[in-house]
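Engineer: Submitted below is the structure of interest, expressed as structure tokens.
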Amino acid sequence: MKIPHYLFSVLFLCLTLVSCIEEQDFGQTDDIVIEPTFQASIFYFETTEDVINSNPDPTGFYTNDFNFEAFRAEYFSDKVIEGSIFYQLENTTSKPVIVTIELIDDGGNVLDTTTLNIGAEAVNTTDVEVFYGGTSARSLDIIRNTSALRLSAQNLGDDTSISSQANPKLIFRSSANFKISVR
Amino acid sequence: MINRYFIVLLFVCTFLGYAQNKQLMYDFKEVPQAILLNPGMETGLGMYVGVPLLSGISFQAGSSGASVNDFFANDGLDINDKIRERALYGMKPSDELSGSFQVEILNVGFRSKKNPDNFYSFGIYTEGDAIGYWFKDYAILGFEGNANRLNQRFNLSHLNTRGEMVNVFHFGINKRIDRKLIVGARAKLYSSIFSFRSTKNKGYFVTTPGENNLLASTLVADMELQTSGLNSIKDANDDGTGVGSLLAKRGMLGGDLGVGVDVGFTYQLNRNTTITGSILDLGFISHSKDVKNYTLKGQATIEGVQVILPDALVDPSQDFWQNLIDDVDVLIPYEENNKSYITFRPTKLYGSIRYNFGEQNRSMRDCDCKAGGSKGSLGFPNAVGGQLYVINRPRGPQTAVTAFYQRNFGKTLSLKTTYTVDKFSATNVGLGANLNIGPVNIYAMADNLIGYKNLAASQYASFQLGINVISWGKN
């Protein structure tokens, strides 16, 4: 019997060219949400008790403005949707201290103020977390417009005593934790 | 004007398109293009001329990790959950998205009249190949960030990709040494159109408890992206000066050049059994024109702006923020350079053992066997065997094994079916057909046919087709 050669070709083409594809919904790309949360330290301040004692100004032994452009980066400020700044104060000096951190815009305007109190030779740190955006009362515009930080520290005790602890210090720590909307 | 979409398409083609395993084509002696996979292949052809641009078209795409269907099936599941489950945490850094395409511009083969034991072939083809491994840690960092991932190292080596588009000018000699042995070699001249490579990245990003501050962010990086040809393409696209003419110029020996060689053999163990082997693209390309490389090397740990009294009182007005940025720039400099570099071609190795059986085709057996094949090997109606394929990849050799059955219906029709196991699929069944209608030769091949029942769920697809004009035996 003669083999129907060309039939094989037809069958082959049918097999290779006619394929199926289940229904795909590429519209799902519209639903893709990419909102990573990043965290990093932002500001660290440390002073010895000697410095505190040597600046007996009752309005504060230290104040300074620090340029801080991290929040102004276009990629961040355009996409940030919520987050927080965490502050921590540690004090092993012999005097109670108040530290005030202010967020400042380009015009020198204070956008937000956070105050941390801590007692002398405190056993525990003072921790404060300030939320921005989302369901919090603070607007994200505060963060978006912040271009500098002002740190002020006020000694609420005397200016002669020395802590019994080794190497007494006042330490201010902070970190930021923000969610950004990539998509 | 060729717009930016062309560039995107070009990249997609090269990314989807890497050094395809042509298990159906390999040692398919009736297909002229098979000699490109083994210059030492036994062939009964007297001459062939490929129809320009139509003689050899092949395409392959593979994803070893996930398929289109895994993400876009209309299954009512949240696509974000699917991405997290099936890509972010479902795929491994060794999973790849890869592919290749090849289009023959010219392909001619002819048997020497002076010495019919010699068969010569030459031509030009365009080839694009690329591979990108799953950049898992980058994806996790980008999708979820570093929050609450203290001490988790994000591995920068997960960025591992390379690709290029190249025109290949080749000339091959196929020579029968005796009744048992045929050897062949093919010289290749590569003209690279563009190339990119970022395959030796090292380092990590990690967030740890800080020494002073709450957190420390550490970046240890030794990263490099090497490119050639891409800037001129971008410039031509931006200026509207013609990407097409630029590609043609770089492809026709105006780009980066390289050399390579293919070698192969066929050895007849006995009347029915033959073994074959070939090594393809043993070569390199030197990239020196329009080279632009990007590097990021160094390491730094930062804990934010740090003000420590009394030291900071020396210069209280200094810009601590800018100092921090400057320090990082010094510690981890991002640099660009134009240093030339060499890329080695993705070398491939094929091997096979073949058992021929059935009654030999008389027309083949009666042919001038000195010119074409030997009585013992060509013209059998059936053949079964196994094949091995190994390709050199950025993360090491990748292997595929194939079992095949070939059925010849005289000179007119040949069918070959294969079953292949590789990292993409363990259910890869392929089918190839070669049809000779007078002097016209047509072939078509496709594999992973089971995947065709739902192409979207398939993790591998490839096809090859072409048209030639041929003659058999002695010219």
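The values are calculated or read from the model by the stated rules, or taken from the named source; none is laboratory data. Model, not experiment: these values are computed from the prediction. Cβ placement follows ideal geometry from the backbone for every residue including glycine, while neighbour counts extend to all protein chains displayed.
Engineer: State which residue is nearest to the other protein chains (Cβ to nearest Cβ) when the search covers only the stretch B:427-453 and only residues that are surrounded by fewer than 18 Cβ atoms within 10 Å (Cβ to Cβ) and modelled with pLDDT under 85.
Structural biologist: Filtering the stretch B:427-453 for residues that are surrounded by fewer than 18 Cβ atoms within 10 Å (Cβ to Cβ) and modelled with pLDDT under 85, the one nearest to the other protein chains (Cβ to nearest Cβ) comes out as B:K453.
Engineer: For the stretch A:44-83: of the residues being in a loop (DSSP other than H, G, I, E, B) and at the interface with another protein chain (Cβ under 9 Å from one of its Cβ atoms), which is surrounded by the most Cβ atoms within 10 Å (Cβ to Cβ)? Write out each step before concluding.
Structural biologist: Within the stretch A:44-83, the subset in a loop (DSSP other than H, G, I, E, B) is A:54-61, A:68-69, A:73.
So of that shortlist, the ones also at the interface with another protein chain (Cβ under 9 Å from one of its Cβ atoms) come out as A:54, A:68-69.
Details: A:S54: 12, A:F68: 21, A:E69: 14.
Here the answer is A:F68.
Engineer: Just the residues that are of a type in the set (D, E, K, R) and touching a Phe, Trp or Tyr at 6+ places or on another chain (Cβ under 9 Å), please, taken from the stretch A:43-69.
Structural biologist: We begin by selecting, within the stretch A:43-69, every residue of a type in the set (D, E, K, R); these are A:46, A:49-50, A:57, A:65, A:69.
Passing the criteria: A:E46, A:E69.
Engineer: Considering only the stretch B:101-133, state which residues are closer than 15 Å to B:L465 by Cα and either hydrophobic (A, V, I, L, M, F, W, C) or not in a strand (DSSP E or B) (or both).
Structural biologist: Result: B:F101, B:V103, B:I105, B:L106.
Engineer: Just to be sure before I move on: is A:S41 under 27 Å from B:L313 (Cα atoms), of a type in the set (S, T, N, Q), under 12 Å from the mean Cα position of the chain (by Cα) and part of a strand (DSSP E or B) in the structure I sent?
Structural biologist: Yes: the conditions hold for A:S41.
Engineer: Can you name every residue in the stretch B:346-371 that is farther than 30 Å from B:T412 by Cβ and modelled with pLDDT of 90 or more?
Structural biologist: Across the stretch B:346-371, the qualifying residues are B:T347, B:K348, B:L349.
Engineer: Looking at the stretch B:225-236 only, could you name the residues that are among the charged types (D, E, K, R) and crowded, with 19+ Cβ neighbours inside 10 Å?
Structural biologist: Within the stretch B:225-236, no residue meets the criteria.
Engineer: Oh, and also: Return yes or no: is B:S278 surrounded by 22 or more Cβ atoms within 10 Å (Cβ to Cβ) and in contact with a Leu (Cβ under 8 Å, 6 or more places away or on another chain)?
Structural biologist: On the way: surrounded by 22 or more Cβ atoms within 10 Å (Cβ to Cβ): yes; in contact with a Leu (Cβ under 8 Å, 6 or more places away or on another chain): yes.
So B:S278 passes the test.
Engineer: If you don't mind, another one. Could you say which residue among B:I193, B:I177 is touching a Lys or Arg at 6+ places or on another chain (Cβ under 9 Å) and of a type in the set (V, I, T)? Lay out the reasoning, then the answer.
Structural biologist: Numbers: B:I177 fails: touching a Lys or Arg at 6+ places or on another chain (Cβ under 9 Å).
Unique residue meeting the criteria: B:I193.
Engineer: Which ones in the stretch B:71-100 are assigned to a loop (DSSP other than H, G, I, E, B) and either more than 21 Å from B:H158 (Cβ to Cβ) or within 11 Å of another protein chain (Cβ to nearest Cβ) (or both)?
Structural biologist: Here is the first cut: in the stretch B:71-100, the residues assigned to a loop (DSSP other than H, G, I, E, B) are B:74-78, B:89-95.
Once the filter is applied, which keeps residues that are assigned to a loop (DSSP other than H, G, I, E, B) and either more than 21 Å from B:H158 (Cβ to Cβ) or within 11 Å of another protein chain (Cβ to nearest Cβ) (or both), the stretch B:71-100 yields B:N74, B:D75, B:G76, B:L77, B:D78.
Engineer: Determine whether A:D159 is within 21 Å of A:E49 (Cα to Cα) and surrounded by 13 or more Cβ atoms within 10 Å (Cβ to Cβ).
Structural biologist: On the way: within 21 Å of A:E49 (Cα to Cα): yes; surrounded by 13 or more Cβ atoms within 10 Å (Cβ to Cβ): yes.
It is true that A:D159 is within 21 Å of A:E49 (Cα to Cα) and surrounded by 13 or more Cβ atoms within 10 Å (Cβ to Cβ).
Engineer: Would you say B:A139 is over 19 Å from B:G50 (Cβ atoms), of a type outside the set (F, W, Y) and out of contact with any strand residue (DSSP E or B) (no Cβ under 7 Å at 6 or more places or on another chain)?
Structural biologist: So B:A139 fits the description; yes.
Yes/no matrix, rows are residues, columns are (1) in a strand (DSSP E or B); (2) touching a Pro at 6+ places or on another chain (Cβ under 6 Å); (3) buried (at least 18 other Cβ atoms within 10 Å of the Cβ):
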{"position": "B:T274", "(1), (2), (3)": "yes, no, yes"}
{"position": "B:F284", "(1), (2), (3)": "yes, no, no"}
{"position": "B:K297", "(1), (2), (3)": "yes, no, no"}
{"position": "B:V307", "(1), (2), (3)": "yes, no, yes"}
{"position": "B:L313", "(1), (2), (3)": "no, no, no"}
{"position": "B:Q318", "(1), (2), (3)": "no, no, no"}
{"position": "B:N356", "(1), (2), (3)": "yes, no, yes"}
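Engineer: Test A:D112 against the stated conditions and say whether it is more than 11 Å from every other protein chain (Cβ to nearest Cβ), farther than 30 Å from B:N434 by Cβ and modelled with pLDDT of 95 or more.
Structural biologist: Criteria met by A:D112.
Engineer: Moving on to the next point. Looking at A:A153 and the list (1) within 14 Å of another protein chain (Cβ to nearest Cβ); (2) assigned to a loop (DSSP other than H, G, I, E, B), which single condition is not satisfied?
Structural biologist: If we test A:A153 against (1) within 14 Å of another protein chain (Cβ to nearest Cβ); (2) assigned to a loop (DSSP other than H, G, I, E, B), just (2) comes out false.
Engineer: Let me ask something else about it. So B:K474 clears everything in (1) surrounded by fewer than 18 Cβ atoms within 10 Å (Cβ to Cβ); (2) at pLDDT 85 or above; (3) in contact with an Asp or Glu (Cβ under 6 Å, 6 or more places away or on another chain) except one condition, right? Which one?
Structural biologist: With respect to (1) surrounded by fewer than 18 Cβ atoms within 10 Å (Cβ to Cβ); (2) at pLDDT 85 or above; (3) in contact with an Asp or Glu (Cβ under 6 Å, 6 or more places away or on another chain), B:K474 is out only on (2).
Engineer: Any idea how many residues of the stretch B:55-68 are modelled with pLDDT of 80 or more, over 27 Å from B:G379 (Cα atoms) and surrounded by fewer than 21 Cβ atoms within 10 Å (Cβ to Cβ)?
Structural biologist: Going through the stretch B:55-68 one residue at a time, the tally reaches 1.
Engineer: Here is a follow-up. Among the residues of the stretch B:301-325, how many are among the polar types (S, T, N, Q), closer than 16 Å to A:L151 by Cβ and facing another protein chain (nearest Cβ under 8 Å)?
Structural biologist: 1
Engineer: So for the stretch A:132-141 (the condition being part of a strand (DSSP E or B) and of a type outside the set (A, V, I, L, M, F, W, C)), does at least one residue qualify? Don't jump to the end; show me each part of the working.
Structural biologist: Restricting attention to the stretch A:132-141, the residues satisfying the condition of being part of a strand (DSSP E or B) are A:132-133.
Within this subset, residues satisfying the condition of being of a type outside the set (A, V, I, L, M, F, W, C) are A:132-133.
So far as the stretch A:132-141 goes, yes, one or more of its residues are part of a strand (DSSP E or B) and of a type outside the set (A, V, I, L, M, F, W, C).
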